[in-house]
1. Would you be able to tell me the number of residues in region 45-72 that are surrounded by 19 or more Cβ atoms within 10 Å (Cβ to Cβ), in contact with a helix residue (DSSP H, G or I) (Cβ under 8 Å, 6 or more places away or on another chain) and not aliphatic (A, V, I, L, M)?
2. Run Val85 past the list (1) in a loop (DSSP other than H, G, I, E, B); (2) touching a helix residue (DSSP H, G or I) at 6+ places or on another chain (Cβ under 6 Å) and report the number of the one that doesn't hold.
3. Could you count how many residues in region 23-38 are outside any loop (DSSP other than H, G, I, E, B) and surrounded by 24 or more Cβ atoms within 10 Å (Cβ to Cβ)?
4. When both residues are 6+ apart or on different chains and their Cβ atoms are under 7 Å apart, which pairs have a first residue that lies in region 248-260 and is part of a loop (DSSP other than H, G, I, E, B), and a second that is surrounded by 15 or more Cβ atoms within 10 Å (Cβ to Cβ)?
5. Which residues, taken from region 58-76, are touching a residue at least 60 places away in the same chain (Cβ under 8 Å) and not in a helix (DSSP H, G or I)?
Amino acid sequence: MSRIQATFAKLKTQGRKALIPYVIAGYPFADVTPELMHGMVAGGADVIELGVPFSDPSADGPVIQKAGEKALSMGIGLLQVLQMVREFRQTNTETPVVLMGYANPVERYDIRHAVKTPSDKPQSAFIRDAAEAGVDGMLIVDYPPEECVQFAADLRANNMDLIFLLAPTSTDARMQQVAEVASGYVYYVSLKGVTGAGTLDVDAVAQMLPRIRQHVSVPVGVGFGIRDAQTAQSIGKVADAVVIGSKIIQLIEHQPREQVAATARDFLREIRLALD
């Protein structure tokens, strides 16, 4: 059982919902992320989604795009992100960490760090190094399920889960494809559009989740558009997890370095209280 699966199983026995904050690695300061991750755990985070900065983040709105651009300008790439996870793991071996990003950095990492096996088949350097660093899952926005069956199997062999997005436009056929390879949880994008866009329709989410669960047996988290305790509480009544990203990034954007972790912690405490 992966660390993500164990976390959701524990929460289920407690009758609680998972709180999953998302931040961009290396933002707003290049060295603040491990401290920020600990702050989010202190605020009640059950799983942490750590965004890997990328130059063409097609699913992300202006808030996350801007944060990613700043992190890239400070030299933050996948190599540095894995080191941040290692540092976090020095004092936290329980909270699952999911890397969220795009295919290009992962595939480029494999090309640059490839290791040949005795069969002359390249081993995934990324999977090897991510497992060693303490990563628990991957959410790669532009990996369709039908093209990453082997990747998902290789992750599971290393106690990592491959997490997929579902959207209001997802067909039953697409949900079934996702169900065949997804593990850990699935992430339901509650809005048509990019992160931070639009107003969340809680009733529409509540109507969609039973349909998703007809196909998907893993927990369902909901994100995009959750910005306050009231909305999180409403979503928590129908979903297994609540994902919050853009709002946290906005809150920490102009904070002095010493206040970044505390700002995220205090905000998440409000969300955690509402969920519980």
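The values are calculated or read from the model by the stated rules, or taken from the named source; none is laboratory data. Computed from a predicted model, the values in this text were never measured in an experiment. Heads up, the Cβs are rebuilt from the backbone with ideal geometry, glycines too, and the neighbour counts pull from every protein chain shown.
1. Qualifying residue count, region 45-72: 6.
2. (1)
3. 5
4. Once the first residue is part of a loop (DSSP other than H, G, I, E, B) and sits in region 248-260, its partners that are surrounded by 15 or more Cβ atoms within 10 Å (Cβ to Cβ) give Glu253/Pro28; Gln255/Thr263.
5. Listed by number, the residues that qualify are Ser58, Ala59, Asp60, Gly61.
This table checks each residue for (1) modelled with pLDDT under 90; (2) assigned to a helix (DSSP H, G or I); (3) of a type in the set (D, E, K, R).
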| site | (1), (2), (3) |
| --- | --- |
| Glu94 | no, no, yes |
| Pro118 | yes, no, no |
| Ala131 | no, yes, no |
| Gln150 | no, yes, no |
| Leu155 | no, yes, no |
| Ser183 | no, no, no |
| Val194 | yes, no, no |
| Leu209 | no, yes, no |
